[in-house]
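So the structure is just underneath, and the comments pick up after that.
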Amino acid sequence: MSGFVEKPEPQQVPGLVHLHTGKVRDLYRNEAGDLVMVASDRMSAYDWVLPTPIPDKGRVLTQLSLWWFDQLSDLVPNHVLSTELPPGAPADWQGRTLICKSLRMVPVECVARGYLTGSGLVEYNDSRTVCGLALPEGLTDGSELPAPIFTPATKAEVGEHDENVSYEEVVRQVGAETAAELRRMTLAVYCRARDIARERGVILADTKFEFGFDGETLILGDEVLTPDSSRFWPAAEWEPGHAQPSFDKQYVRNWLTGPESGWDRKSEQPPPALPQQVVDATRAKYIEAYERLTGVSW
Ligand SMILES: Nc1ncnc2c1ncn2[C@@H]1O[C@H](COP(=O)(O)OP(=O)(O)OP(=O)(O)O)[C@@H](O)[C@H]1O
Ligand SMILES: [Mg+2]
């Protein structure tokens, strides 16, 4: 078992139909048929939604995504239509709600990696490949790859792991033309974002995009380039050969798997509540990522 310890009830807002409660976001449809995407303060780790929210996380993710969509708008169209609150929506939706074009989502997690770590490192140590792509000898945890690579994964249901797949598998699922377009756009957006982040002292090690079709046009959807969807490392401390300090959920993961939490990841028991100091430190990491990247203070 994994997923939600307790699934939150959707809000009742006149004119909105609740569609889906994701691990982090709640989706509604408005009367115009557009998607209303509300980012919560929920945090997920190890395929669980944690019982303790991180204050302001939904707003940080939403504002950072909006900033990135803007930086990328000449490269790729995105799904954002408006940031206006739907009439009658709770006031606390402010800043974490996007009205988006409703897309037919492509069921592929489009991952780009410029550095080796995580599941890529595990596969590399095994076979000198990542998602079946051959890589040179001598790379280690945190190494920069000779060039960024497209390492797609299939989207899993709540509680399941996403699974890395080969490019050929993506071709089988979505056709050669769409697969090629996904790869091209994923790498182009990654390279742009990597360069922008680097100027601000942040290494974008890897990131995940989701695309969808509006008619025949592929559009960038979901959230983009947030600490939930990306690994951000402080460039000044980058040193291949071990795990890198990061602006993401590594802090929470370390606490959950460390001795203090009393939690056994393999026990199938839900994770425990987070102590205040872990909540505060995690909130600070998310805000630091936002501030470093945008240059705007939270
Ligand atoms: N423009 C869009 N049109 C339709 N669906 C979208 C759009 N943008 C994002 N989505 C979907 O909205 C959901 C966002 O919710 P969230 O990220 O919380 O879910 P998740 O935990 O990643 O996955 P799941 O929804 O399976 O629980 C994702 O399922 C994503 O694919
Ligand atoms: Mg998601």
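The values are calculated or read from the model by the stated rules, or taken from the named source; none is laboratory data. These numbers come from a predicted model, not from an experiment. Every residue, glycine among them, receives a Cβ derived from its backbone with ideal geometry; neighbour counts consider all protein chains shown.
Looking for whichever is away from ligand 1 (no atom under 16 Å from the Cβ) and either out of contact with any helix residue (DSSP H, G or I) (no Cβ under 9 Å at 6 or more places or on another chain) or within 23 Å of Asp34 (Cα to Cα) (or both) here; the options are Leu85, Leu139, Leu72. Which one fits? Lay out the reasoning, then the answer.
Working: Leu139 fails: either out of contact with any helix residue (DSSP H, G or I) (no Cβ under 9 Å at 6 or more places or on another chain) or within 23 Å of Asp34 (Cα to Cα) (or both); Leu72 fails: away from ligand 1 (no atom under 16 Å from the Cβ).
Sole residue among the options that is away from ligand 1 (no atom under 16 Å from the Cβ) and either out of contact with any helix residue (DSSP H, G or I) (no Cβ under 9 Å at 6 or more places or on another chain) or within 23 Å of Asp34 (Cα to Cα) (or both): Leu85.
Conditions (1) away from ligand 2 (no atom under 16 Å from the Cβ); (2) among the hydrophobic types (A, V, I, L, M, F, W, C); (3) under 30 Å from Glu239 (Cβ atoms), marked per residue:
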site	(1), (2), (3)
Gly15	yes, no, no
Thr21	no, no, no
Glu31	yes, no, no
Leu61	no, yes, yes
Gly88	yes, no, no
Gln94	yes, no, no
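For (1) more than 16 Å from ligand 2 (Cβ to nearest atom); (2) of a type in the set (Ser, Thr, Tyr); (3) more than 14 Å from the chain's Cα centre (by Cα), each residue gets a yes or a no:
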{"site": "Ala180", "(1), (2), (3)": "yes, no, yes"}
{"site": "Arg194", "(1), (2), (3)": "yes, no, yes"}
{"site": "Arg198", "(1), (2), (3)": "yes, no, yes"}
{"site": "Leu204", "(1), (2), (3)": "yes, no, no"}
{"site": "Gly212", "(1), (2), (3)": "no, no, yes"}
{"site": "Leu218", "(1), (2), (3)": "yes, no, yes"}
{"site": "Asp222", "(1), (2), (3)": "no, no, no"}
{"site": "Ser229", "(1), (2), (3)": "no, yes, no"}
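If the condition is being under 18 Å from Asp92 (Cα atoms) and either in the same structural domain as Phe213 (by TED's automatic domain parsing) or within 15 Å of ligand 2 (Cβ to nearest atom) (or both), then segment 44-59 contributes Lys57, Gly58. Residue count for segment 29-58 under the criterion of being surrounded by 21 or more Cβ atoms within 10 Å (Cβ to Cβ) and of a type in the set (D, E, K, R): the result is 2.
For segment 192-231, enumerate the residues that are on the phi < 0 side of the Ramachandran plot, more than 11 Å from ligand 1 (Cβ to nearest atom), touching a residue at least 60 places away in the same chain (Cβ under 8 Å) and not basic (Lys, Arg). Once the filter is applied, which keeps residues that are on the phi < 0 side of the Ramachandran plot, more than 11 Å from ligand 1 (Cβ to nearest atom), touching a residue at least 60 places away in the same chain (Cβ under 8 Å) and not basic (Lys, Arg), segment 192-231 yields Ala193, Ile196, Ala197, Val202, Ile203, Leu204, Ala205, Asp206, Thr207, Thr217, Leu218, Pro227.
Suppose the filter is surrounded by fewer than 20 Cβ atoms within 10 Å (Cβ to Cβ), without any contact (Cβ under 8 Å) to a residue 40 or more places away in the chain and either within 16 Å of ligand 2 (Cβ to nearest atom) or in the same structural domain as Trp263 (by TED's automatic domain parsing) (or both); does Leu66 pass it? Steps first, answer last, please.
On the way: surrounded by fewer than 20 Cβ atoms within 10 Å (Cβ to Cβ): yes; without any contact (Cβ under 8 Å) to a residue 40 or more places away in the chain: yes; either within 16 Å of ligand 2 (Cβ to nearest atom) or in the same structural domain as Trp263 (by TED's automatic domain parsing) (or both): no.
Taking the combined requirement at face value, the residue does not satisfy it.
The residues in segment 171-205 that are in contact with a Pro (Cβ under 9 Å, 6 or more places away or on another chain) and either of a type outside the set (S, T, N, Q) or surrounded by 21 or more Cβ atoms within 10 Å (Cβ to Cβ) (or both) can be counted, and the count is 12.
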